[in-house]
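Engineer: First, the structure itself, so that you have it in front of you.
The values are calculated or read from the model by the stated rules, or taken from the named source; none is laboratory data. Computed from a prediction, not measured in an experiment: that's the story for all the values here. We place every Cβ from the backbone using ideal geometry, glycine too, and count neighbours over all the protein chains shown.
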Amino acid sequence: MLSFDPDKIALPAGHFINGKHIRGQGEQLAVKRPSDGLLAGELYQADAALVDEAVSVADAAVRDSGWASCPPRQRGAVLKRWADMIEVDPLLAQLESLGSTRPIYDVVNHEIPFTADAIRFYAECADKYSGDVLPTRDVSLGMLVPEPYGVIGAITPWNFPLSMASWKCGPALAAGNAVVLKPSELTPFSTVRMAELAVQAGLPAGVLNIIQGGGAVTGSALVAHPLVRKVSFTGSTATGARIMSDAAFNGMKPVTLELGGKSPQLVFDDCGDITEVAGRILRGFTANGGQACVAGTRLIVQRGVHDALIGKLIELCQGFRAGVTWDESSRYAPMIDRRQATKVASVINSARQQGAEVLVGGQRFADTGEGFFWQPTLLAGVANDNPAVQEEIFGPVLTVQIFDEEAEGLALASHPTYGLCAGVHTKNIDRALRAMRGIAAGTVWINRYGRSGDFIIPTGGFHGSGIGKDLGRQAFEACQRYKSVLIDF
Ligand code: NAD
């Protein structure tokens with residue numbers, strides 16, 4: 001039985017610094033439950049002094065505890081124990097479900113195993129990747145020696161709090177760094193429990209610290225702190241630009257930026273079984289209520305399969321229902337808050353004013369009170385400059401554009417701002433590979449849409465979708481800096 005009573009869950013208090021819960025003081029922020037808009041709890045926003053304390057603790061802990069200098073396999077063993085504990089902790093799953101948009105069924109069956117496995121992947125990296133011996137003159141030995149940065153500042157968004165934390169903490173900790181992580185102020189609770197479990201698994205106190213607060217106060221103080229040597233951020237493109245600039249002016253620190261997207265789903269006449277393809281397209285834009293960076297929100301469909309595909313999609317969209325995230329039977333995510341729901345409504349309105357036709361959806365589910373469940377929505381008749389095609393909406397809204405020739409489809413698929421992902425649906429291998437080469441996106445999925453459990457595949461965007469990669473060995477390597485050594489003999 002996965003259903004639970006959200007009013008009976010004890011929320012972890014405040015920040016988690018040096019292995020202890022700290023309530024904090026100062027400005028209080030209210031945290032609401034996305035499913036019904038009721039108050040979940042409050043948190044005290046960390047000011048610059050508390051951020052300084054957390055970073056100083058992390059800097060001391062990573063040296064004094066031996067985390068950076070211990071045998072890498074030892075780090076891997078702690079991380080594996082942590083992953084095992086994450087997988088079986090009922091409170092963690094309930095905190096994630098209560099405070100975020102994730103239904104408990106999805107949290108238990110997907111989010112938690114995915115989070116634990118990402119940490120296991122990096123536990124296994126700890127002693128697998130080395131530096132290099134370089135081809136130098138034969139009286140010298142040239143080496144490239146990797147070393148951890150020290151303290152990495154991590155900042156995560158609200159849409160997948162646990163897995164985003166695992167993508168940041170897994171590689172950073174495995175490589176011997178300490179982490180100070182700021183989750184989104186909208187979803188603060190589950191990440192604290194995750195850090196608490198890390199200490200119980202044997203991570204030295206102070207090596208992973210969680211600070212709570214908004215971006216302008218807490219996030220910017222973290223980025224600017226002189227002992228934070230690298231910043232790993234996931235969130236919107238606008239915030240990413242701000243962080244890149246702040247990191248440049250506060251110590252020239254490297255940044256990994258995983259940002260927004262507006263990804264195309266390119267469907268050719270020879271895509272194969274229409275029902276199967278419709279299912280992929282549907283999951284691509286409705287997963288987590290469309291609140292996913294990788295959401296495939298622009299359907300670009302060849303004329304020959306347009307009618308059949310749209311007919312099937314409309315039928316599937318009509319099968320959704322709303323339900324609070326703590327009910328085991330719920331499968332569909334609410335919008336994170338009123339502001340996000342208003343944004344979805346406003347882009348749909350602007351799209352209609354510029355000629356878009358709503359084929360299905362276009363409004364909230366009735367009778368969901370302050371829980372903002374938005375119906376899966378298809379918008380047809382959209383020109384390329386329509387706001388619904390241009391803007392990342394972060395809701396379950398799919399625009400539909402029709403093409404005749406392959407080149408036309410490829411031209412529509414590329415986006416002027418974003419380049420995160422693309423889906424290509426065709427049974428013609430030559431066409432699939434031409435599309436793969438032709439679309440400027442950090443990830444191209446062919447005859448599928450969405451991640452697999454293969455953590456070896458990195459994720460990251462081109463252009464306005466970001467810099468650097470999460471996942472893969474690239475994320476591990478990016479948590480190390482490389483020292484060039486030359487020895488004459
Ligand atoms: P956001 O940019 O508003 O906030 C993200 C985080 O940054 C939050 O923790 C926030 O408090 C913090 N922040 C805000 N301003 C800051 C500042 N000046 N300095 C430091 N920190 C600051 O994004 P969001 O609304 O929480 O998340 C949705 C966005 O995240 C979407 O654009 C989505 O595409 C993107 N996203 C990208 C990926 C990816 O892997 N590319 C994954 C998930 C989400």
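Engineer: Exactly one of these conditions fails for residue 241: (1) touching a residue at least 24 places away in the same chain (Cβ under 8 Å); (2) on the phi < 0 side of the Ramachandran plot; (3) within 16 Å of the ligand (Cβ to nearest atom). Give me its number.
Structural biologist: Among (1) touching a residue at least 24 places away in the same chain (Cβ under 8 Å); (2) on the phi < 0 side of the Ramachandran plot; (3) within 16 Å of the ligand (Cβ to nearest atom), the lone unmet condition for residue 241 is (1).
Residues are listed down the side, and each one gets a yes or a no for (1) within 9 Å of the ligand (Cβ to nearest atom); (2) surrounded by fewer than 23 Cβ atoms within 10 Å (Cβ to Cβ):
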| site | (1), (2) |
| --- | --- |
| 166 | no, no |
| 183 | yes, no |
| 190 | no, no |
| 208 | no, no |
| 221 | yes, no |
| 236 | yes, yes |
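Engineer: Within region 394-435, which residues are crowded, with 16+ Cβ neighbours inside 10 Å and of a type in the set (Val, Ile, Thr)?
Structural biologist: Hits for region 394-435 are 397, 399, 400, 402, 424, 426.
Engineer: Here is a further query. Quick one: which helices (runs of 4 or more DSSP H) lie wholly within region 247-361 and hold at least 1 residues that are within 15 Å of the ligand (Cβ to nearest atom), at pLDDT 95 or above and among the aliphatic types (A, V, I, L, M)?
Structural biologist: It comes to 338-353.
Engineer: Can you name the residue in region 362-392 that is at positive phi and crowded, with 16+ Cβ neighbours inside 10 Å and, of all such residues, is farthest from the ligand (Cβ to nearest atom)?
Structural biologist: Of everything passing the filter in region 362-392, 381 is farthest from the ligand (Cβ to nearest atom).
Engineer: Still on this structure, please answer the following. Take residue 422 and tell me if it is touching a Ser or Thr at 6+ places or on another chain (Cβ under 8 Å), at pLDDT 95 or above, in a strand (DSSP E or B) and within 16 Å of the ligand (Cβ to nearest atom).
Structural biologist: Answer is yes for this residue.
Engineer: Quickly run through region 457-472 and pick out the residues that are part of a loop (DSSP other than H, G, I, E, B) and more than 14 Å from the chain's Cα centre (by Cα).
Structural biologist: Selection gives 457, 464.
Engineer: If I ask for residues that are surrounded by fewer than 23 Cβ atoms within 10 Å (Cβ to Cβ) and either under 20 Å from residue 240 (Cα atoms) or of a type outside the set (Ser, Thr, Tyr) (or both), which ones from region 477-489 would you list?
Structural biologist: 477, 480, 481, 483, 485, 486, 487, 488, 489
Residues checked against (1) basic (Lys, Arg); (2) part of a strand (DSSP E or B); (3) away from the ligand (no atom under 16 Å from the Cβ); (4) in the same structural domain as residue 353 (by the TED database):
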residue: 394; (1), (2), (3), (4): no, no, no, yes
residue: 402; (1), (2), (3), (4): no, yes, yes, yes
residue: 409; (1), (2), (3), (4): no, no, yes, yes
residue: 434; (1), (2), (3), (4): yes, no, yes, yes
residue: 441; (1), (2), (3), (4): no, no, no, yes
residue: 455; (1), (2), (3), (4): no, no, no, no
residue: 474; (1), (2), (3), (4): no, no, no, no
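Engineer: Hey, could you check region 238-269 for residues that are of a type in the set (Asp, Glu) and buried (at least 18 other Cβ atoms within 10 Å of the Cβ) and say which is nearest to residue 296 (Cα to Cα)?
Structural biologist: 258
Engineer: Within the set of pairs 6 or more residues apart or between chains, which connect a residue that is touching a residue at least 40 places away in the same chain (Cβ under 8 Å) inside region 368-392 to a residue that is of a type in the set (Ser, Thr, Tyr) and in a helix (DSSP H, G or I) with Cβ atoms less than 7 Å apart?
Structural biologist: Pairs that qualify, where the first residue is touching a residue at least 40 places away in the same chain (Cβ under 8 Å) and the partner is of a type in the set (Ser, Thr, Tyr) and in a helix (DSSP H, G or I), are 376/286; 387/350.
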